[in-house]
Amino acid sequence: MHKKLVILAGGASSRMKKESVAKNLTAEEIVQANERSKGLIGVGAQGRPLLDYLLLNAKKAGYEKIYIIIGEQGDLFKEFYGNQNTNNNFNGLNISFATQYIPEGRVKPFGTADALWHAVKQFPELNADEYTVCNSDNLYSAEALYALRRTESPNAFISYDRDALHFSSERISRFAIAKLDESNRLLDILEKPLVDDLEHYKDVEGKIRVSMNAFKFNGAMVYSFLKNCPVHPERDEKELPTVLLNALKEFPNSIVGIPFSEHVPDLTAKEDIADVKEYLKKHYPVLDWQI
């Protein structure tokens, strides 16, 4: 089983920086939400960031080598997790940093596929191995992360039961849904599902499945699709679901959706901060690295 985890943390956090009507935030929390990458917002005990808890779950799941993709102004990550570009020791995890550079003529990063492309160029050992990729602002369970290590499929993603996610109906309705065959192999991804589409996209358990950007990739297999990922026509970004679908065309049956039914705490907007803090108080009363 592979032991490499790539964490996407170089995004612009645009939705988090928008004005909010949330009234239960402290002045410090508002400042952090406006200035920090989402995964570094202090929502945990003693003001520790959400990323601590993701790294803890990664360690529980057996990952050892962590690559955090940061932006060009990502120095704060190094204050938390090690000031060297490579091989920092953080509670027994080996942490390195890849930088996602913004192309000339753009004002914000070029998307998740572009971020991973920068990482595999800066750390080419990823192209000769299998590795997991996930967001920095979602708290995936140790069980879900371990499932990505354990699967024998060359490429995979956690396919979450949409009904188990504790988000508003309006928010969930925006999630792309996955179409899987009877063996949970990916057939298609539908970005903007209509109500009439849902019945045709249910899996063998009768569930609607969505991705929360937790993937397992075969480095050699996806390299060319990362390199040549087209720009999404509406969002003007290069995105990992596009990489998945393009790889699927050339390598049918190479991508499995691993079914999970659990909530995934998420820091997208200021309104999420209080919910995530409460979740951590309940489920992680102590941040214990003695695993």
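The values are calculated or read from the model by the stated rules, or taken from the named source; none is laboratory data. Predicted model only: the values in this text are computed from it and were never measured. Heads up, the Cβs are rebuilt from the backbone with ideal geometry, glycines too, and the neighbour counts pull from every protein chain shown.
Some values worked out for this structure:
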read-out: Qualifying positions in region 177-190 - more than 13 Å from residue 244 (Cα to Cα) and aliphatic (A, V, I, L, M); value: 177, 180
read-out: Every residue from region 264-288 that is surrounded by 14 or more Cβ atoms within 10 Å (Cβ to Cβ) and assigned to a loop (DSSP other than H, G, I, E, B); value: 264, 265, 267, 268, 269, 284, 287
read-out: Top-ranked residue in region 117-136 [being buried (at least 23 other Cβ atoms within 10 Å of the Cβ) and polar (S, T, N, Q); ranked as nearest to residue 214 (Cα to Cα)]; value: 132
read-out: Criterion violated by residue 258 - all others in (1) assigned to a loop (DSSP other than H, G, I, E, B); (2) crowded, with 19+ Cβ neighbours inside 10 Å; (3) under 16 Å from the mean Cα position of the chain (by Cα) satisfied; value: (1)
read-out: Checklist (1) closer than 19 Å to residue 140 by Cβ; (2) modelled with pLDDT under 95; (3) touching a strand residue (DSSP E or B) at 6+ places or on another chain (Cβ under 8 Å) applied to residue 259, failing item; value: (2)
read-out: Contacts under 7 angstrom Cβ, first residue in region 195-209 being over 13 Å from residue 162 (Cα atoms), partner among the charged types (D, E, K, R) and assigned to a loop (DSSP other than H, G, I, E, B), 6 or more apart; value: 204/182
read-out: Considering residues of region 99-116 that are buried (at least 19 other Cβ atoms within 10 Å of the Cβ) and in contact with a strand residue (DSSP E or B) (Cβ under 9 Å, 6 or more places away or on another chain) only, the residue farthest from residue 240 (Cα to Cα); value: 100
read-out: Cross-chain or 6+ apart pairs with Cβ under 6 Å, region 111-122 first and in a helix (DSSP H, G or I), then surrounded by 21 or more Cβ atoms within 10 Å (Cβ to Cβ) and among the aromatic types (Phe, Trp, Tyr); value: 119/67
read-out: Complete set of residues in region 38-80 that are over 23 Å from residue 283 (Cα atoms) and either of a type in the set (A, V, I, L, M, F, W, C) or touching a Phe, Trp or Tyr at 6+ places or on another chain (Cβ under 8 Å) (or both); value: 66, 67, 68, 69, 70, 72, 74, 76, 77, 78
read-out: Checklist (1) over 24 Å from residue 265 (Cβ atoms); (2) modelled with pLDDT of 95 or more; (3) surrounded by fewer than 19 Cβ atoms within 10 Å (Cβ to Cβ); (4) in contact with a strand residue (DSSP E or B) (Cβ under 8 Å, 6 or more places away or on another chain) applied to residue 190, failing item; value: (2)
read-out: Restricting region 55-107 to residues that are among the charged types (D, E, K, R) and within 18 Å of the chain's Cα centre (by Cα), the residue that is farthest from residue 143 (Cα to Cα); value: 65
read-out: The one condition in (1) modelled with pLDDT of 95 or more; (2) closer than 19 Å to residue 229 by Cβ; (3) buried (at least 18 other Cβ atoms within 10 Å of the Cβ) that residue 160 fails to fulfil; value: (2)
read-out: Tally of residues being modelled with pLDDT of 85 or more and either of a type in the set (Ser, Thr, Tyr) or not in a helix (DSSP H, G or I) (or both) across region 11-21; value: 0
read-out: Breaking point among (1) surrounded by fewer than 18 Cβ atoms within 10 Å (Cβ to Cβ); (2) over 28 Å from residue 56 (Cβ atoms), for residue 150; value: (2)
read-out: Residue selected from region 22-34 under the condition touching a residue at least 60 places away in the same chain (Cβ under 8 Å) and outside any helix (DSSP H, G or I), by the criterion farthest from residue 116 (Cα to Cα); value: 24
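Each row is one residue, and each column tells you yes or no for (1) in contact with a His (Cβ under 8 Å, 6 or more places away or on another chain); (2) hydrophobic (A, V, I, L, M, F, W, C); (3) free of Cβ contacts under 8 Å to residues at least 12 places away in the same chain.
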| residue | (1), (2), (3) |
| --- | --- |
| 147 | no, yes, no |
| 154 | no, no, no |
| 158 | no, yes, no |
| 170 | no, no, yes |
| 186 | no, yes, no |
